[in-house]
Amino acid sequence: MISYIRGTLSDIDENIVIVENNGIGYGISSSMNTIRQLPAIGSEIKLETKLIPKEDSLTLYGFYDKEELKMFELLLSVSGIGPKGALNILSSMTVSDIQFAVAGADAKAFAAVPGVGKKTAERAIIDLKDKVDIVGAFEAKITADLSGKKASPAVSVKEEVLEALVALGYSASNAARALDKMTITDSTTTEQLLSDTLKQMSFL
């Protein structure tokens, strides 16, 4: 079991990342999401890894963080999705994108990925619906959307309203979709955003 590899980023060839460790170059299959986050060639990196054996080969898959590795493993649990398909999905969608698609039963988001058909997309929704963390996904999304403003009032207001809507009995996925339609600034109050979002919820 190879849990992770730390070494020098030697090269990137399409979706293969070469990491040198103790004089050995490891070819690691990675998603484009991971590759886009890698530093310059020659830098030290650490990839979370999963080794998948086949009859005639051993393939090492590596990811920038544990969250993406976990999603890769969840995608492999879906009927009809193998390692190549899982990498394709993670190259086209972020972890939070996948979580939102599953929570919102948005099979079209999966079907838009090259190589993923309608039936596989629908199966992904069914197989993953009880395995994703929509609240965690929402928090990650607003952090990404407001990059550089992690401590801003807008982030706190969104989180408070999401929690309030869930407490009122709305599903987290519907609440997240409604909040994504709202215009929020650092001067927006929790009360104002909750009122406006409740109005938006009535149209969902």
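The values are calculated or read from the model by the stated rules, or taken from the named source; none is laboratory data. No experiment lies behind these values; they were computed from the predicted model shown. Methodologically, a virtual Cβ is constructed for each residue, glycine included, from the backbone with ideal geometry; neighbour enumeration extends over all protein chains shown. Note: accessible area is taken over every heavy atom of the protein model, side chains too, but ligands, DNA and RNA are not part of it. Shrake-Rupley method; radii C 1.70, N 1.55, O 1.52, S 1.80 Å.
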**Asked** Can you name the condition, by its number, that Gly117 falls short on among (1) open to solvent by 90 Å² or more (accessible area, probe 1.4 Å); (2) at pLDDT 85 or above?
**Response** (1)
**Prompt:** If you go through region 56-108 one residue at a time, how many are part of a helix (DSSP H, G or I) and of a type in the set (Ser, Thr, Tyr)?
**Reply:** 3
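Applying the selection to region 181-201, what residues are assigned to a helix (DSSP H, G or I) and at pLDDT 80 or above?
Within region 181-201, Thr190, Glu191, Gln192, Leu193, Leu194, Ser195, Asp196, Thr197, Leu198, Lys199 qualify.
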**Message:** Looking at region 17-38 only, could you name the residues that are part of a loop (DSSP other than H, G, I, E, B) and over 23 Å from the mean Cα position of the chain (by Cα)?
**Reply:** Asn22, Gly23
**Prompt:** When region 120-136 is examined, which residues are found to be within 17 Å of the chain's Cα centre (by Cα), modelled with pLDDT of 90 or more and open to solvent by 30 Å² or more (accessible area, probe 1.4 Å)?
**Reply:** Asp127
**Request:** Would you point out the residue of region 44-65, among those that are within 22 Å of Met93 (Cα to Cα) and among the charged types (D, E, K, R), that is least open to solvent (accessible area, probe 1.4 Å)?
**Result:** Glu48
**Asked** Given the structure, is Ile41 in contact with a strand residue (DSSP E or B) (Cβ under 6 Å, 6 or more places away or on another chain), open to solvent by 30 Å² or more (accessible area, probe 1.4 Å) and assigned to a loop (DSSP other than H, G, I, E, B)?
**Response** yes
**Asked** Is there any pair with a first residue in region 147-170 that is under 10 Å from Thr190 (Cα atoms) and a second that is modelled with pLDDT of 75 or more and assigned to a loop (DSSP other than H, G, I, E, B) whose Cβ atoms are under 6 Å apart and which are 6 or more apart or on different chains, and what are they?
**Response** Pro153/Asp186; Ala154/Ile184; Ala154/Asp186; Val157/Thr188
**Prompt:** Looking only at residues in region 1-34 that are touching a strand residue (DSSP E or B) at 6+ places or on another chain (Cβ under 6 Å) and among the aliphatic types (A, V, I, L, M), which one is farthest from Tyr61 (Cα to Cα)?
**Reply:** Leu9
